[in-house]
Amino acid sequence: MKFPYSETVLEHFRHPRNVGKIENPDGKSTEGSPACGDMVSVYINVDPETNRLADIKFESYGCASNIATGSIITELAMGKTLDEAKKITWKQAADALGGLPKIKTHCSVLAIEGLRAAIQNYEERHGLVKEQKPTTVEVVRRRLKKVMNPLAGLDVVRTNLIKSVDVEEGTVRVVMDLPADHQFASAMREEIMEKIEPLWDVQEVVVEFSE
Amino acid sequence: MMGDTVLDRFVYLDNAAATRLDERVLEAMRPYFFDIYAVATSEFGYSQGIEAQEALGEARKVLAAALGAEAEEFIFTSGSTESSNIAIKGVAQALGQKKGKHIVVSKIEDFPVLNSARAMEKQGFHVTYLDVDSDGFVDLDNLRNSITDETILVSIQHANQEIGTIQDIENIGGICKEKGVVFHTDATHTFTRVPLDVKKIPVDLITVSAHTIHGPKGIGGLYIRGGTPLSKWVDGGFQEFNLRAGLENIPGAAGFARAVELVTVEETERLRAMRDHLIDRILTEIPDTTLNGHRCNRLPQNANITFHFVEGESITLHLDMRGFAVSTGSACFSRSLEGSHVIFGIGGDHERAHGSIRFTFGRYNTMEDVDNMVGTIAEVVQELRKISPLGRNK
């Protein structure tokens, strides 16, 4: 039999680690991707003495890459300090899984974001976050680095798909260097919307294509 | 978390995508690989070429007869994709300058029709994408109102590739005839399984293919009612009544004809019984499931069900590891990372597409396969729901 995933991915898919909920967790998050429909919830407990992750669990409404990445990040993060856990990258998770198909990047990035968001949630609840900053072109570009170009398995900024970004009075305008009928145009448009829209001072997101 | 029950027999329930070749089809093709391998020649050619020409003619008769048509009204192509391309682009090219530049298709057509229509938009044509209702039916009044003086072609499928809904092509054809518009239908999934007789149904162009009926891949056909305006789209020689150039695929044509002969009404009824058994069992035994497409007016070999709170690719991978092949409308499964346009077309959201599974039956499936399938998918869905943040099966 031939499967599209590595042995390790299949192993985590079949037997995901640390699955489930934590009752009254110290921090939690649910990250969703309306563009593909996947969703991940991450729950954490933090040891306040050491600032390390004492427990971590996840739930997944997603595909195999999503489940396997959720599983592996709980293993990678367990026992780490919050700062260390925040720095876990998609690349590290993918390497630990023996590689992931490029086209599946966006399903698996969700789990990494879920972990970071759960930590942020903990920090916000414990007064560890500074004041909200206004959205600038730089902030938008940083978020766009989380939107994957499925053809390359790398983000849309690094693969030069972002022609321009404008921020004006709550309206963010992103122009992509792609034809509107490109195979992945609508998938990427939706992913961009979902990354930029939650910013606190953004009222409207417009994604345009170059031709 | 999962049990490891693996069947000793691979259960293939993706017969809409491709089917296992029937050995009898292979036997019918064999002579045209090894004995009569010459190109089909004109009547003044050498003897092997004449024999090849005759074989092609015999195959054509069988294919045309299956649609109630004359042999001269049927051309062979490389498959459904090419047939629908020829139909849409050929009519557009023939009538675009003379009559108008408006084409009507349904929103839930398969990609050959949809993307041919989109390609014509780039050439300056205007396309109306008709909405369908929650079962997938085109509204006849809506169709009638969408046809203008500029309209040259209506292309509405006979039955849907994903959800199986069968359109009322008799009345659709009637409207087109009354309005003087060419009507094309993609019958890839209904051919030989759902009756379609061109003497009774006013349809001008029909796309068919061998790959859905245990015939070979790479051979299909297009029915062209006599007098239908159609420009040649594949240029080269004068083959296929000068409508489609290219060396004839004679083994393919012979195999296609044999595949048609082997389909029986009894077999189709057997597929229908498997379909109904699967739908009944899943909808009653597995909670939070929704049938996609119409319950009765659907392809006899198609079932499509959404399992809520779980994702389709996870289901298909678990099933694959246990020896079952099915397909899903989930974005995670698609090459474009987009959820099924058919599920969206019937008013479904990402969630409905996300957990949709298509089961399509064929000659080599048994009722036992269906029972094994239901038992296994019930187990897989239950396990996946345990790890899902949605739903109630905690």
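The values are calculated or read from the model by the stated rules, or taken from the named source; none is laboratory data. All values reported here derive from a predicted model rather than from experimental measurement. Every residue, glycine as well, gets a Cβ built from its backbone with ideal geometry; the counts of neighbours run over all protein chains shown.
Quick notes
- Condition check for A:Val46: touching a residue at least 60 places away in the same chain (Cβ under 8 Å) and either of a type in the set (Ser, Thr, Tyr) or farther than 28 Å from A:Ile192 by Cα (or both): yes
- Qualifying residue in the stretch B:301-311 (condition: touching a Phe, Trp or Tyr at 6+ places or on another chain (Cβ under 9 Å), of a type outside the set (Val, Ile, Thr), assigned to a loop (DSSP other than H, G, I, E, B) and modelled with pLDDT of 95 or more): yes
- Restricting B:Val310, B:Val326 to those that are more than 14 Å from chain A (Cβ to nearest Cβ), buried (at least 19 other Cβ atoms within 10 Å of the Cβ) and of a type in the set (Val, Ile, Thr) reduces the list to B:Val326.
- Selected residue [closer than 27 Å to B:Cys332 by Cα, of a type in the set (Gly, Ala, Ser) and touching a strand residue (DSSP E or B) at 6+ places or on another chain (Cβ under 7 Å)] from A:Ser164, A:Ser186, A:Ser210: A:Ser210
- Scanning the stretch A:184-199 turns up no residue that is more than 22 Å from A:Val109 (Cα to Cα), surrounded by 17 or more Cβ atoms within 10 Å (Cβ to Cβ) and at pLDDT 80 or above.
- Helices (runs of 4 or more DSSP H) wholly inside the stretch A:63-170 containing at least 1 residues that are within 17 Å of A:Thr8 (Cβ to Cβ) and without any contact (Cβ under 8 Å) to a residue 60 or more places away in the chain: A:64-77, A:90-96, A:105-125
- Counted residues, the stretch B:98-132 - those being within 22 Å of the chain's Cα centre (by Cα) and either in a loop (DSSP other than H, G, I, E, B) or among the polar types (S, T, N, Q) (or both): 9
- Among the candidates A:Lys145, A:Lys104, the residue that is over 10 Å from the mean Cα position of the chain (by Cα), at pLDDT below 90 and buried (at least 22 other Cβ atoms within 10 Å of the Cβ) is uniquely A:Lys104.
- In the set B:Phe137, B:Phe183, B:Phe191, only one residue is aromatic (Phe, Trp, Tyr) and within 21 Å of B:Arg363 (Cα to Cα); that residue is B:Phe191.
- Matching residues, the stretch B:341-370, being in a loop (DSSP other than H, G, I, E, B), within 11 Å of another protein chain (Cβ to nearest Cβ) and surrounded by 22 or more Cβ atoms within 10 Å (Cβ to Cβ): B:Gly355
- Qualifying residue in the stretch A:51-62 (condition: more than 29 Å from A:Ile103 (Cβ to Cβ), at pLDDT below 95 and over 14 Å from the mean Cα position of the chain (by Cα)): yes
- Evaluating B:Val265 against the criteria (1) in contact (Cβ under 8 Å) with a residue 24 or more places away in the chain; (2) among the hydrophobic types (A, V, I, L, M, F, W, C); (3) under 26 Å from B:Leu196 (Cα atoms); (4) out of contact with any Leu (no Cβ under 8 Å at 6 or more places or on another chain) leaves one unmet condition, (1).
- Unique residue being crowded, with 18+ Cβ neighbours inside 10 Å and small (Gly, Ala, Ser) when the list is B:Ala92, B:Ala71, B:Ala65, B:Ala119: B:Ala92
- Scanning the stretch A:159-169 for residues that are surrounded by 13 or more Cβ atoms within 10 Å (Cβ to Cβ) and either within 14 Å of chain B (Cβ to nearest Cβ) or of a type outside the set (Lys, Arg) (or both) turns up A:Thr159, A:Leu161, A:Ile162, A:Val165, A:Val167.
- Residue that is surrounded by the fewest Cβ atoms within 10 Å (Cβ to Cβ), among those in the stretch B:381-394 that are assigned to a helix (DSSP H, G or I) and away from chain A (no Cβ under 11 Å): B:Gln382
- Set A:Gly127, A:Gly99: member being within 19 Å of the chain's Cα centre (by Cα) and more than 14 Å from every other protein chain (Cβ to nearest Cβ): A:Gly99
- B:Ser47 vs. criteria assigned by TED's automatic domain parsing to the domain that holds B:Gln123, surrounded by fewer than 14 Cβ atoms within 10 Å (Cβ to Cβ) and not aromatic (Phe, Trp, Tyr): yes
- Scanning the stretch B:133-173 for residues that are under 18 Å from the mean Cα position of the chain (by Cα) and in a strand (DSSP E or B) turns up B:Val138, B:Val154, B:Ser155, B:Ala159, B:Thr165, B:Ile166.
- Some residue of the stretch B:98-109 being among the polar types (S, T, N, Q), touching a Leu at 6+ places or on another chain (Cβ under 7 Å) and closer than 30 Å to B:Leu291 by Cα: yes
- Looking across the stretch A:1-48, just one residue is more than 12 Å from chain B (Cβ to nearest Cβ), in a strand (DSSP E or B) and among the polar types (S, T, N, Q), and that is A:Asn45.
- Failed condition for A:Ser65, given (1) farther than 26 Å from A:Asn45 by Cα; (2) of a type in the set (Gly, Ala, Ser); (3) surrounded by 13 or more Cβ atoms within 10 Å (Cβ to Cβ): (1)
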